[in-house]
Amino acid sequence: MDITKQSKGMNIKSTRQSFHFSSMSFKAAIMETVLIIGATGNIGVSAVTAALRSKRNVLAVVRNQSSADKLVRYIGSSNGITFAEANVLSDSGVKGIVDQVREGKLPDFQHVFSSVGGEYTTTPLPEITTAQLRRNFNISFEANFFAYRDTIGYLLEQKNPASTWTICTGSQGELATHPVPAMTQGALFPMATAAARENESTNVRFNEIYLGFRVETDDLAVEHGVTKASEFGNVYEMVLANPEVRSSRIRVDDVDDLKKLKYQKKF
Ligand SMILES: NC(=O)c1ccc[n+]([C@@H]2O[C@H](COP(=O)([O-])OP(=O)(O)OC[C@H]3O[C@@H](n4cnc5c(N)ncnc54)[C@H](OP(=O)(O)O)[C@@H]3O)[C@@H](O)[C@H]2O)c1
C-alpha cells in the first residue's frame, strides 16, 4: 500500500475519501475528518477506531510505510484513512502537514487527537541517561506540544463549531512507578490545562483523556490480559459525540468508565 499525499479531485484509494473529494455534495460537506498524531500506537489505534466507527474519516500521520501498513493491519482496512508522512518529533513535522491541508493536497480536518508516546520503562532515576531523558521528552512531550501548537490555529480559523482537540495522558504522571513516562506525562498535564483555558470560549472543545490502566492493540491486549484499544475507543467516541464535554479531564480509572464519561472541568 502506498502512502498517498492526495489532492482535491485526484484519484483517491479509499471509498470514503473519494466520496469526500469527488463533489460538493451534501454528504461530502458533512463528512468530518480527524487528524491523528501517534495514530499507529495503542492509543492512536483506539482513536482511529473511534473516528471510523463514528463515520468520520481519518488523516493519519505516520513516520513511514511500515507504520502505515501496521495501522492497516490493526484496523483491517485502509477504508476511510488518508496517510500523511511526517517526522512528528521535528518542530516542522506537523506544521508541514497543516501546510499541505491548506494547499488542498490533504483533506481538511475538523478534529485532532494526539497520543505520541515513548518508552514505557521502569528505569530508576539515577540510571536515566541524558540521551534517554531528552529522547523521551522529545517523543512524549514535545511531539504532542508541536501537534497542538501547529494545528490549533487552523481549527480556530475554520470556525467549525463542532471542532475538538483531544490528548491522551496517563496516571503514570502521578504514580511514577515508571519514572521516564511519568515525567513526560507530568509535563503534559499543565499543557492540557493551558489549552483547556485558551479554548474555553473558542469553537474548539479541548479535552484531556486521563487513562489509569493499560490499553494495547487488540491482539496484544488479549495476550497480555489488558484492555483492548477497540474498547478504549468508546471513550473518544463519547467525547466526539458530547458537546457538553469541554475544557475537561475525562478520567478513565476502570472499565466502567469505558461506558459512561466521567469528566470534570480542568480549572
Ligand atoms: N497504552 C496505555 O495503556 C496508556 C495509558 C496511559 C497513557 N498512555 C499515554 O498515551 C500515549 C501513547 O501511548 P501508546 O501506548 O499508544 O504508545 P505506543 O503504542 O508506543 O505508540 C506511540 C506512538 O508514537 C509514535 N512514535 C513513537 N516514537 C516515535 C518516533 N521516534 N518517531 C515518530 N513516531 C514515534 C509511534 O509510531 P510508530 O508506530 O511508528 O512507532 C506511535 O504512533 C503516551 O503518552 C502514553 O503515556 C498510554
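Read the figures in this text as sums done on the coordinates, not as results from a lab. None of the values given here were measured: they were computed from a predicted structure. Virtual Cβ from ideal backbone geometry, glycine too; neighbours counted across all protein chains shown.
Taking DSSP loops as anything outside H, G, I, E and B, show the longest stretch in the chain free of trypsin sites (Lys or Arg not before Pro) there with at most 16 other beta carbons within 10 Å.
Counting only loop sites that pass the neighbour cut-off, the longest clear stretch is 160-213.
How large is ³J(HN,Hα) for each residue in region 254-267, as worked out from phi by the Karplus curve 6.51 cos²θ - 1.76 cosθ + 1.60 (θ = phi - 60°), to whole Hz, x for Gly and Pro?
8, 5, 4, 6, 7, 9, 9, 5, 10, 9, 8, 4, 6, 8
Can you pull out the GluC sites (Glu not before Pro) in region 181-249 whose DSSP state is coil and whose Cβ has at most 10 other Cβ atoms within 10 Å?
Counting only loop positions with at most 10 other Cβ atoms within 10 Å, the GluC sites (Glu not before Pro) in region 181-249 are Glu244.
Once amide H atoms are placed 1.01 Å from N in the peptide plane, what residues at a sequence separation of 5 or more from Thr169, or on another chain, have their amide H within under 5 Å of its amide H?
Amide H to amide H, under 5 Å and 5 or more residues apart or across chains, Thr169 pairs with Ile209, Tyr210, Leu211.
Mean separation of Cα pairs under 8 Å and 6+ residues apart, divided by the residue count of the chain: what relative contact order is that in percent? It would help to have the intermediate numbers written out before the result.
Details: 517 pairs, mean separation 48.3, N = 267.
18 percent.
With each label point set 7 Å from Cα along the Cα-Cβ vector, what nm distance links Asp91 and Thr130?
Taking the simple label geometry, Asp91 and Thr130 are separated by 2.0 nm.
Evaluated at 37 °C with a viscosity of 0.692 mPa s, what Stokes-Einstein diffusion coefficient in µm²/s does the chain have when Rh comes from the Kirkwood expression over alpha-carbon pairs?
177 µm²/s
Students often get this wrong: which residues of region 101-119 have the backbone nitrogen under 17 Å from the point 7 angstrom along Cα-to-C-beta of Arg53?
The answer is 113.
Please list the non-local residues whose amide H lies under 5 Å from the amide H of Arg214, H modeled 1.01 Å from N, same-chain partners needing a gap of 5 or more.
When sequence neighbours closer than 5 places are left aside, the close amide H contacts are Thr227.
Pairs Lys228/Lys262; Lys159/Lys228; Lys105/Lys266: which are spaced more than 28 Å apart, C-alpha to C-alpha?
The pairs that break the limit, which is 28 Å between Cα atoms, are Lys159/Lys228; Lys105/Lys266.
Report the full-extension gain for the segment Tyr120 to Gln158: residue separation times 0.36 nm, less the Cα-Cα distance, to one decimal in nm.
That works out to 10.0 nm of additional length.
Could you state the number of Å between the C-alpha centres of region 41-67 and region 189-237?
13 Å
Please compute the contact order of region 21-130 in relative form: average sequence separation of alpha-carbon pairs under 8 Å and at least six residues apart, divided by the residue count, as a percent. Display every interim value, and only then the final one.
Numbers: 145 pairs, mean separation 35.7, N = 110.
After rounding, I find 32 percent.
Where both residues lie in the chain, what percent of DSSP beta bridges are antiparallel, nearest 5?
10 percent
DSSP loop GluC sites (Glu not before Pro) in region 48-120 with at most 13 other Cβ atoms within 10 Å of their Cβ, which ones?
Here the GluC sites (Glu not before Pro) that fit, given the DSSP loop and packing criteria, are Glu103.
Please find the FRET efficiency linking Ala176 to Glu223, where r is the Cβ-Cβ separation and R0 is fixed at 25 Å, and quote it to the nearest 0.05.
It comes to 0.40.
Short version: ³J(HN,Hα) in whole Hz for each residue of region 141-149, in order, from phi by Karplus 6.51 cos²θ - 1.76 cosθ + 1.60 (θ = phi - 60°), x for Gly and Pro, what are they?
Per-residue couplings from phi come out as 10, 4, 4, 6, 5, 4, 4, 5, 4 Hz.
Cut-off 10 angstrom, C-alpha nodes, Gaussian network model of the chain. Which of Ile128, Ile250, Ile209 fluctuates the most?
Top of the fluctuation ranking is Ile128.
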